[in-house]
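The block underneath contains the structure these notes are about, expressed in structure tokens.
Please treat every number below as a calculation from the coordinates, not as lab data. Just so you know, these numbers come straight off a predicted model, no measurement behind them. A quick note on method: Cβ atoms are made from the backbone with ideal geometry, for glycine too, and the neighbour counts reach across all protein chains shown.
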Amino acid sequence: MMQTEIKFVVVGHHSRIGHAQRLAALLDAHLLIDDGDHGANWNHRRALEWASWQDCRVVILEDDALPVAGFTQLVGEWLYRFPDSLVSFYLGTGRPPQYQIQVAERLIVADKTRSDFITLQRLIHGVCYSVPHQHIERVLSRWDSSKPADYAVGDAWGGEVVYPCYSLVDHADGEPVERHPDSAPRTERRRAWRLA
């Protein structure tokens, strides 16, 4: 199978700089630290702007992503299969709660049809994803700075999102650093449904 070059960028918050640096070192990734509490939306947009200047596909990870063994090889295989799709390498439990039943139903259908991925109409996690290089400018041009980062990316994308049934990263699920507009505590368990 042909392997195309892939680059990685880690978006991190200053309070988790150690995690972010270790993850970036592991993946030889570009590191973007938000040291002014600008928020995830601002930092994910910076990551996409950086990705737009690269000449290859870029995978964006948050500082609390936990890659599985063989992560870069597996990512390459998925991006080779879906060169024109927004691919999310994390499908998580708990958040956002309004999508969990739909996710569960789609995983059951995927199992029955022996499919190894599902699609949703929205990007529901920003933990680890990749926008096709040829569509980054369009996503940036439609960006809404008032939305949570994952919705900002996915809504600007405006189409189906591919989720492998077995996530390629888990989520460290520590205390969220982002201040959410609803101020509701994030108490649900936020881990991958299934791990590769």
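Size of the dipole of the chain about the Cα centre, Lys and Arg at +1 and Asp and Glu at -1 on the beta carbon, nothing else charged, in debye to 20?
Taking the Cα centre of the chain as origin, the dipole is about 400 debye.
Which one of His13, Trp53, Tyr80 has its Cα pushed farthest toward the positive end of the charge dipole of the range 1-131, where Lys and Arg give +1 and Asp and Glu give -1 at the Cβ?
Farthest towards the positive pole: Tyr80.
Show me 113-122, 42-51, 15-24 ranked by packing, highest mean number of other Cβ atoms within 10 Å first.
42-51, 15-24, 113-122
May I ask for the distance between the Cα centers of the range 107-160 and the range 49-84, given as a whole number of Å?
Each part reduced to its Cα centre gives a spacing of 13 Å.
What ranking, highest mean first, results for peptides 133-139, 8-14 when packing means the other Cβ atoms within 10 Å averaged over each residue?
Order by mean packing, descending: 8-14, 133-139.
So how much slack lies between His38 and Gln134, counting 0.36 nm per residue of separation and subtracting their Cα-Cα distance, in nm?
Additional length available on full extension: 31.8 nm.
Please order Cys56, Cys165 by the number of other Cβ within 10 Å, starting at the fewest.
Cys56, Cys165
Go through (i) 38; (ii) 35; (iii) 44 and flag the label whose value is the computed percent of Cα pairs over 23 Å apart for this structure.
Here percent of Cα pairs over 23 Å apart agrees with entry (i).
First measure r as the distance between the Cβ atoms of Gln73 and Ser146, then evaluate 1/(1 + (r/R0)^6) with R0 = 30 Å and state the FRET efficiency to the nearest 0.05. Before the final figure, lay out the partial values.
On the way: r = 37 Å, r/R0 = 1.25.
So, using R0 = 30 Å, E works out to roughly 0.20.
Based on the Cβ-Cβ distance from Ser52 to Arg22, what FRET efficiency comes out when R0 is 22 Å, to the nearest 0.05?
Details: r = 26 Å, r/R0 = 1.19.
Calculated transfer efficiency: 0.25.
Please list, in order, the residues from the range 150-165 whose amide nitrogen is less than 16 Å from a point placed 7 Å along the Cα→Cβ vector of Thr4.
Label zone hits: 162.
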